Amino acid sequence: YALWLRYAAPDAGAAGPSATRVTQLVVAGSPGVPSATREELQRGLAGLQGGAPANGDAVTRAGALLVGTPAASPQIARLGLDLDGLGGEGYRIRSAVVDGHATTVVAANEDIGALYGAFHLLRLLQTGQPLDGLDIREAPRLAVRMLNHWDNLDRYVERGYAGQSIWDWHRLPGWLDPRYTDYARANASIGINGTVLNNVNANADVLTPMYLDKVAAIAGVMRPYGIKVYLSARFSAPMEIGGLDTADPADADVQRWWRTKADEVYALIPDFGGFLVKANSEGQPGPQDYGRSHADGANMLADAVAPHGGIVMWRAFVYSDEEPVDRAKQAYNEFVPLDGTFHDNVLVQVKNGPIDFQPREPFHPLFGGMPKTPLMMEFQITKEYLGFSTHLAYKAPLYEEVLDADTHVQGPGSTVARVIDGSLDGHALTGIAGVANIGSDRNWSGSHFDQANWYAFGRLAWNSDLSSRDIAVEWTRMTFSNDPAVVEPVVGMMMASREAVVDYTGALGLHHVMGRGHHYGPGPWVEGGPRADWTSVYFHRADGNGIGFDRTRRGSDAVSQYAAPVAEVFDDVTRTPEEFLLWFHHVPWSHPMRSGRPLWDELVLRYDRGVETVRGMRETWAGLDGRIDAGRHAQVAAFLAIQQDEAQWWRDASIAYFQSISGRPLPAGVAPPP
Ligand code: GCW
């Protein structure tokens, strides 16, 4: 339950948290964010040092910790620290001498920056860093760093694998579960500053007065932690709860209804963040129902929240009713023509890849394709396609791979990270969203290791330059132990885990080959049903000659949605990175791979390799028995055993199925599926 905020006293024998002791705590400022900051530091230092330091109004002894803004603390003001360019959320941490006393100073322009700095300092202590000679300067790259909860009002969480929704709508607003505060603490500790409480497949009821009171109560808990509350808005709400007979964005009554609704929301929640909208996608209502565009719909909502400083995040995960030529192309086709027509307070929220949160996808071609529109990244923290919360898959390498991908739209170095942080096209409104993996389970995320995905998302949202390995090290030290005999093997497991999932579910660019609907186990044989693109055979296109989706210029031409240098690479079977081979090409089973093996053999060996990696992870974990508390050790061990069985299941089923199509023998030494 404590997540990475365990604040455990140093474990005997291990290279434990820093020996530096804070002797006095001075947090400048009054109720609200400063109180939350003070409480967190007291809690953290009490745990880490075996006792809370004295609180003071001013530094009066050596070894003090001084936290706040120049406005709130004359002692900070007198230091004259350069805080320019840090904005409201950035901070500095400095070892300094304050009125003759050696002091660690956390200084920021605004209280929230000081809170983030305090969490940074606690992280240093938790991971055993010395507190002397500090000179740290940090500010987030992105303005909006948020979680998207796919939580329904009945507490069912769509694609959630950690119990029920943590939002206890029935007991709100009267009962504020203390868990909400811990949620806010955990998120603030990694710099998350927004949360969308309800599912993008939205129920309009959340906008009724009864629910808005509940939302306001949650917002009150989030506020001292710098977290704004947002809601998913159902586009047809004016009809469902407003008594109108249309939701046409061009209709004056509809526009007025949304403006009035926004006024009502802001009267209750003055710092409300704004709306997230899924429209004209998977059956959701939207502006296209009235012959209007996504921009018409987004702008109408944006105008309603604009007077209050709110924003609209309009999702680009759309696909139309018609049978697609290539589903991967649809979002680009619908949105690129609208570039430049969205109002200033609209962000278009784009999933990392063009299909749907697969274990590996190339970056979405919209990144770089809409220079006049701020694009917001949508990652999935929950593991819809990576074994739910049962399989261990550390997703930071996936996030990192996408953020580092080079769109080449303005020459080399035009990374996806630079598209979303606004530096490529000069946007100030920037953001990133992670579909939350949080639920009512005692460990929040359904498994201990899934906490790392929440953590890593926040860390990368703050600074996309961090490496997934460094984040894994931090998280492991805070969550399990600073003992190198724990950190190294655990980080090794984490770093291998995502590639293992790619391998045993279908490597080399295979995608959407899982069971229909639930998306859990193997299902490369899935065919038939309501839509061609809800089958696996649509995506892998295996036949007697070969396998893969031809998205080259000779095929669906999806490659042309990328900038020329990228398109050329993806179009050329000899230059396409092998991890995307079957994403972009239909190749013969005998296609020669870089290893010298034919494709079929390579694919089979990847399935085996995936199972093998999981076996290794399981062994590594078994070797940590006694170094990790028994409860967590046993649960992870049990989950890894499940994962190994299921990796084997994926491998056996997939090889059996594809072999029935390829008709080729297994490479020498490979065990046949049972
Ligand atoms: O990945 C698909 C999921 C749906 C989800 C949808 C979306 C919220 O299977 O459960 O709906 O994407 O992102 O809108």
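Only the coordinates and a few stated rules stand behind these numbers; no lab work does. Just so we're clear, the structure is a prediction, and the values are computed from it rather than from any experiment. When we count neighbours, we look across all protein chains shown, and the Cβ atoms used for this are built from the backbone with ideal geometry, even at glycine.
Results, tabulated for the structure shown:
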quantity	calculated
Region 24-138 - percent relative contact order, Cα under 8 Å, separation 6 or more	27 percent
Low-density loop cleavage sites - trypsin sites (Lys or Arg not before Pro) in region 97-201, where at most 13 other Cβ are within 10 Å (DSSP)	ARG171
Spin-label pair ARG61/THR246, simplified geometry with 7 Å Cα→Cβ offset, distance in nm	7.3 nm
Total charge dipole magnitude, region 335-427, about the Cα centre, Cβ charges on Lys, Arg, Asp, Glu only, Debye to nearest 20	120 debye
Simple label model, 7 Å out from Cα along Cβ direction - THR181 to ALA428, nm	3.6 nm
Dipole of the chain, positive end: most advanced residue of VAL59, VAL513, LEU115 [Cβ charges, Cα centre]	VAL59
Point-charge dipole on Cβ atoms (K/R +1, D/E -1) for region 24-138, about Cα centre, debye to 20	260 debye
Rounded to 5, percent antiparallel among DSSP beta bridges of region 52-210	60 percent
Sequence-separation-based contact order of the chain, relative, with Cα cut under 8 Å and 6+ spacing, percent	11 percent
Amide N of region 225-255 lying under 18 Å from the label point, which is placed 7 angstrom from the Cα of ASP271 along Cα→Cβ	225-231
Where labels lie 7 Å past Cα in the beta-carbon direction, separation of GLU579 and ARG171 in nm	4.3 nm
Backbone N under 19 Å from the ARG21 label point (7 Å along Cα→Cβ), restricted to region 44-85	44-56, 59-66
Dipole of the chain, positive direction: furthest Cα of SER556, HIS586, MET239, with charges on the beta-carbon	HIS586
Cα principal axis extents for the chain, largest first, Å	80, 68, 50
Antiparallel %, DSSP beta bridges [both residues in the chain], to 5	30 percent
Relative counts (whole %) of C-alpha pair distances in region 22-110, using bins that are 5 Å wide	3, 16, 27, 26, 18, 8, 2, 0
Region 248-395, Rg to Rh (Cα coordinates; Rh as Kirkwood inverse mean 1/r)	1.00
Distribution of pairwise C-alpha distances over region 359-420, 10 Å bins, in %	21, 46, 24, 8, 0
Cα-centred dipole magnitude for the chain, charges only on beta-carbon of K, R (+1) and D, E (-1), debye, nearest 20	1260 debye
Value of Rg/Rh across region 416-498 [Cα atoms, Kirkwood radius]	1.05
The chain: Lys pairs at Cα distance under 17 angstrom, eight or more positions apart or on different chains	7
Structure-based [θ]222 nm, the chain - -39500 (n - 2.57) summed over DSSP H runs of at least 4, per residue, nearest 500	-11000 deg cm²/dmol
Rg and Dmax [Cα atoms of region 515-657; Å; Rg one decimal, Dmax integer]	19.0, 58
Gain upon complete extension [ALA630, ASP263; 0.36 nm per residue less C-alpha separation]	126.9 nm
